[in-house]
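A short worksheet on the structure shown next.
The values are calculated or read from the model by the stated rules, or taken from the named source; none is laboratory data. As the structure is a computational prediction, the values presented were derived from the model and not from experiment. Please note: Cβ atoms are built from the backbone with ideal geometry, for glycine as well, and neighbour counts cover all protein chains shown. All accessible areas refer to the heavy atoms of the entire protein, side chains included, with ligands and DNA or RNA removed. Shrake-Rupley method; radii C 1.70, N 1.55, O 1.52, S 1.80 Å.
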Amino acid sequence: MTVQDSRNFTLTDEERALLPTDEDVDFYVEHGWYLSQKLFTDEEVEQLESASERFYGGHRDRTLPARPPKLAYWEPEHGPVQRHNDYIHFEDDTIGRILRKPLLGAVAARLAEAEQIRVFQSTLIYKPPVAQEQSNIVPWHFDRHYWSTSTSERMLTAFIPFHDCDEEMGTITMVDGSHVWKETADNDSTSLHFAERDRSELDVMLEENAAYNGVEVRKIPVLIPKGHVNFHHCRTYHGSGANVSDRPRRAISLHLQDGENRYRDFFRSDGTKVAYNHDVLVRRGADGRPDYSDPEFLPLLWSNH
């Protein structure tokens with residue numbers, strides 16, 4: 001699959017009315033998150049859910065040409081735990097098409113104040129309705145820690161549930177304003193994914209960072225109506241609780257990069273070179289480094305040009 005970057009990016013009058021206002025952008029800048037208007041129709045959301053069920057049943061339009069070392073990829077033998085499947089925009093054409101809706105990219109461009117927005121990663125998520133399932137609890141973290149090979153500080157994430165999503169279902173919860181905090185210190189371990197770290201350690205890190213900045217931790221569960229999307233800045237702490245409802249929580253976490261983002265070498269203090277999953281998939285630039293603008297894996301969603 002090759003997605004060309006020469007598409008004509010236009011919005012209808014109705015879609016332009018759904019873009020963030022100046023006040024909305026100011027809110028995002030201050031708080032580090034923003035709940036959109038209804039960006040997806042009921043039909044589009046239902047297509048996402050149907051396609052996800054086909055995917056869980058084994059359907060693939062294509063598979064990755066190589067398996068990255070830290071790929072999140074639920075398979076049936078993993079059982080009734082929280083499911084994460086990376087690169088869903090690449091492996092499923094229906095989901096990929098809907099996620100490339102120009103309106104979504106245009107909203108992200110307004111918030112990030114960027115000329116272009118590209119996909120960075122997409123993860124299909126299924127949180128089973130099992131109140132005591134520990135994998136359902138996502139500890140406090142912010143995404144920039146895991147993107148240390150990226151140059152941009154304007155990356156952001158769109159959280160897209162397939163239904164009304166509330167606290168009972170374990171909706172995404174923002175730590176309000178945390179994107180502007182200064183960190184207590186550079187800590188090599190922060191580049192490790194939260195699945196590789198102790199949950200209590202992450203709780204302590206959040207409290208220590210808040211204290212260091214002289215602020216209280218203010219946690220806001222975002223109540224997301226069907227078709228609406230929650231966007232958060234790459235440095236905004238967030239997490240989610242258990243799904244104590246009687247139905248699964250279904251969603252896609254769509255990570256986005258501005259057009260200026262590039263790959264960079266990043267080393268921990270012990271000399272270990274950090275790698276992201278893209279680095280074994282995307283094409284190489286003239287300098288031999290991974291190209292984070294590769295349209296096959298990281299397609300363009302929006303351009304103001």
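Some observations on this one:
- Here's how it looks for Tyr87: its modeled amide H is under 5 Å from those of Ser122, which are all 5 or more places away or on a different chain.
- Max mean-square fluctuation residue, GNM over the chain, Cα-Cα springs under 10 Å, options Val280, Val45, Val222: Val280
- Taking the accessible area of the range 23-268, probe 1.4 Å, and keeping the other protein chains in place, the carbon and sulfur fraction comes to 49%.
- Summarising the label geometry, the points placed 7 Å from Cα in the beta-carbon direction at Arg62 and Val180 lie 4.3 nm from one another.
- Across the protein chains, with a 1.4 Å probe defining accessible surface, the residues His78, His89, His233, His84 rank His78, His84, His233, His89 from largest area downward.
- Beyond 25 Å, the tail of the calculated P(r) for the range 4-130 holds 37 percent of the Cα pairs.
- The modelled label-to-label distance for the pair Asp246/Glu216, using points 7 Å beyond Cα in the direction of Cβ, is 3.7 nm.
- Number of Lys pairs (Cα under 17 Å; 8 or more positions apart or on different chains) in the range 23-268: 4
- GNM top mover of Ser253, Ser122, Ser200 - the chain, alpha-carbon springs below 10 Å: Ser200
- Gain in span if fully extended, Ser50 to Ala286, counting 0.36 nm per residue against the direct Cα distance: 80.9 nm
- When the range 23-268 is described by a simple charge dipole with +1 on each Lys and Arg Cβ and -1 on each Asp and Glu Cβ, the residue from Ile137, Gly96, Thr157 located farthest towards its positive end is Gly96.
- For the pair Glu115 and Asp13, the difference between a 0.36 nm per residue extended length and the Cα-Cα distance amounts to 34.7 nm.
- Approximate spin-label separation Glu23-Tyr73, in nm, with each point projected 7 Å along Cα-to-Cβ: 4.7
- Per residue, in Å², the accessible surface of the range 23-268 once ligands and nucleic acids are set aside, probe 1.4 Å: 41
- Cα gyration tensor shape for the range 23-268, rounded if a/c is under 1.5, else prolate or oblate: rounded
- Simple Cβ-charge dipole of the range 127-181, Lys/Arg +1 and Asp/Glu -1, about Cα centre, in debye nearest 20: 320
- If only the Cβ of Lys and Arg carry +1 and only the Cβ of Asp and Glu carry -1, the dipole of the chain around its Cα centre is close to 740 debye.
- Farthest toward the positive end of the dipole of the chain, out of Ser50, Gly105, Phe267, is the Cα of Phe267, where the dipole comes from beta carbon charges about the Cα centre.
- If you take all other residues with their beta carbon under 10 Å from the beta carbon of Gln257, and give Lys and Arg +1 and Asp and Glu -1, the sum is +1.
- For the range 1-149, size of Cβ-based charge dipole, Lys and Arg +1, Asp and Glu -1, in debye: 660
- Sequence-distant aspartates and glutamates (8 or more away, or on other chains) whose Cα lies within less than 13 Å of Lys273: Asp188, Asp265
- For the options Val107, Val217, Val229, a Gaussian network treatment of the chain with springs between C-alpha atoms closer than 10 Å singles out Val217 as fluctuating the most.
- Among Thr173, Thr184, Thr63, the order of accessible area from largest down is Thr63, Thr184, Thr173, computed with a 1.4 Å probe on protein heavy atoms.
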